[in-house]
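Everything below concerns the one structure shown next.
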Amino acid sequence: MGSEVFIEQPQGTDVTLIPFHLWPAQQSALDVIAQVRQVIILKARQLGLSWLVISYAVWLCLYHRNQTVLVFSKDQDSANEIVRRAGVVYKHLKNKPTGIAVDNITQLAWENGSRIKSFAATEDAGSSFTASLIILDEFAKMRYAETLYTSVKPTINDGGRVVIISTAKGEGNPFHKLWDGAVKGLNALKPIFIPWSARPGRDAAWYARAESDAISSAHHKQEYPGNADEAFTLVGEERFLPSMILWDALKESLPALGREPMVLGMDAGVSNDSFGLVGVSRHPGRPKDVAVRFVQVWTPPPGGQIDFAGPESVVQDLAQRFNVVQLAYDPYQLVSLAQRLQGEGVVWCKAFQQGAPRLEADKQLLDLILQRRLAHDGNELLRQHLANANRKPEPEGNKLRIVKREASLKIDLCICLSMASYEVLRLAV
């Protein structure tokens, strides 16, 4: 491609034309685009992928008759810019197999019946066209992304091709859902990830300089990710644990729990969430540290609700077999259950307020993990709930709140661990 295609290269205040010599990552992406009908590309910034995709679209139109390429972007100006770039590629080709018929800001059309047309990403954009190729540029930033994708899907199903290309913009949006589905093999899209380091000349020193100018580490990772997890970092929030390796390193063989005081943490949902119960004691060999002793979670049946009788009987059993000195609970759903347990003399229950106390507890849990002051036996459910959690900093630097990374994810066991750990260290046990 490099000997035939010229693209624009900004140089200070000027723009110069350069041969489009492909880097290895660009060549690999082009090979997939040419061979696979449905492609989704997650990328870092400034990697020339828009030029690559539009160059492929120009080739498709010039060497194949009656092709229709529809380009969608977050607004009309952005979509028009893609068409303008197609014009730059075409006008500087040495060999032009067909002449131009229409050349304006929204469309290029050739004498062989092929064309490239731009659209802003509105709810019904392009719905009246049948496309050979659809380009969804910066899909994560489109306001009507889900509706637009639904409207163009019939074209894809009838044999058309689609290239979805974007930097990330957090989780839970249509781009993230399509990417996640592609990675898991749940849809027909072929996923391609291209990191910041794919561009020649970018090394660790370059990355450090760029990061020093960023608003925050989260912003920088989102724009210049080294892997897909970094790409989907939420701006304003970061993962509760920077890496699950930190949690995995705390796994150890703990002696069986005897009569050491144990504190239970309980967090509950009814129909749309899970019910978590975590028990902790002080570490048997390091009394200023915490040891996870018990983990259990309940989920509602399809279309039903969690029966609190199950967790209640488990608490009663734990209180009979071990020295349970307190049950700390989120009072939102659990007041009646806690009052019954305490009234029957099963366990002393404390309503753990979800304001300032939770902020302190959540920050303390993070510190315990980072300082290697917590031990666990490797329970997979607890690990998953921790992996699902983000941290939302509060204005005061010594506080944070554990929140869900995405609404559908479960973090109840993480909240239970936070409350129980806080109480077991606060109590004189």
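The values are calculated or read from the model by the stated rules, or taken from the named source; none is laboratory data. Since we're looking at a predicted model, the values are computed, not measured. Neighbour counts run over all protein chains shown; Cβ positions are idealised from the backbone, glycine included. Side chains are part of the model used for accessible areas, which takes the heavy atoms of the whole protein and leaves out ligands, DNA and RNA. Shrake-Rupley method; radii C 1.70, N 1.55, O 1.52, S 1.80 Å.
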Of the residues PRO154, HIS64, VAL280, the Cα lying farthest along the dipole of the chain towards its positive end, which is defined by charges on the beta carbon of Lys, Arg, Asp and Glu, belongs to HIS64
Over region 259-380, the quotient of the Cα radius of gyration and 2.2 N^0.38 Å is 1.08
Pull out a ≥ b ≥ c, the square roots of the eigenvalues of the alpha-carbon gyration tensor of region 1-101, then state rounded if a/c is under 1.5, prolate if not and a/b is larger than b/c, and oblate in the remaining case.
rounded
Could you put PHE240, PHE294 in order of accessible surface area, largest first, with the 1.4 Å probe and the full protein assembly present?
PHE294, PHE240
Calculate one ³J(HN,Hα) per residue across region 172-179 by plugging θ = phi - 60° into the Karplus curve 6.51 cos²θ - 1.76 cosθ + 1.60, and present them in order as whole Hz with x for glycine and proline.
x, 7, x, 5, 4, 5, 5, 4
Can you give me the C-alpha center-to-center distance between region 49-105 and region 242-309, rounded to a whole angstrom?
57 Å
On each of the three principal axes of the Cα atoms of region 38-94, give max minus min coordinate, whole Å, ordered largest first.
31, 25, 22
Estimated vicinal HN-Hα couplings, Hz - region 68-81 in sequence order (Karplus 6.51, -1.76, 1.60; Gly, Pro = x)
10, 10, 9, 10, 10, 9, 5, 8, 5, 4, 5, 5, 4, 5
Which percent, to the nearest 5, of DSSP beta bridges fully inside region 186-295 are antiparallel?
100 percent
Please give the solvent-accessible surface of TYR56 in Å², to the nearest 10, using a probe radius of 1.4 Å with every protein chain present.
20 Å²
Are there GluC sites (Glu not before Pro) in region 172-268 that DSSP puts in a loop and that have at most 16 other Cβ atoms within 10 Å, and which ones?
GLU252
Can you tally the net charge around MET244? Count Lys and Arg as +1, Asp and Glu as -1, for every other residue whose Cβ sits under 15 Å from the Cβ of MET244.
+1
Ignoring ligands, DNA and RNA, what percent of the 1.4 Å accessible area of region 215-327 is carbon and sulfur?
52 percent
Of LYS96/LYS117; LYS169/LYS404; LYS43/LYS153; LYS43/LYS94; LYS153/LYS392, which sit over 27 Å apart, Cα to Cα?
LYS43/LYS94; LYS153/LYS392
Ignoring trypsin sites (Lys or Arg not before Pro) that are buried or in helix or strand per DSSP, and keeping those with at most 10 other beta carbon atoms within 10 Å, what is the longest stretch of the chain between them?
289-429
Solution diffusion estimate, µm²/s, Stokes-Einstein, region 95-241, Kirkwood Rh from C-alpha pairs, 20 °C, viscosity 1.002 mPa s:
121 µm²/s
Debye intensity ratio I(q)/I(0), log10, the chain, q values 0.06 Å⁻¹ (C-alpha model)
-0.37
What residues have an amide H closer than 5 Å to that of LEU254, excluding those fewer than 5 places away on the same chain, when H is modeled at 1.01 Å from N in the peptide plane?
none
With region 31-156 reduced to its Cα atoms and the Debye formula applied, log10 I(q)/I(0) at q = 0.23 1/Å amounts to -1.56
By the gyration tensor of its Cα atoms, with a ≥ b ≥ c the square roots of the eigenvalues, what is the shape of region 178-337: rounded for a/c under 1.5, prolate for a/b over b/c, or oblate?
prolate
Amide H to amide H, which residues 5 or more places from ARG401 or on other chains are under 5 Å from it, using H placed in the peptide plane?
LYS392, GLU394
Other-chain or far-sequence residues with amide H under 5 Å of ALA375's (modelled H):
VAL290, ALA291, VAL292
Rounded to one decimal in nm, the spacing of the 7 Å Cα→Cβ label points at ASN187 and ASP367 is 4.3 nm
Regression test value, accessible area per residue of region 128-209, probe 1.4 Å, units Å², expected 46 Å²
DSSP bridge orientation in the chain - percent antiparallel, rounded to nearest 5
50 percent
Tell me, what ³J(HN,Hα) does each residue in region 354-362 have, in order and in whole Hz, if you take phi through Karplus 6.51 cos²θ - 1.76 cosθ + 1.60 with θ = phi - 60° and put x for Gly and Pro?
8, x, 4, x, 5, 4, 5, 5, 5
Å² of accessible area per residue within region 228-308, as computed with a 1.4 Å probe and no ligands counted
46 Å²
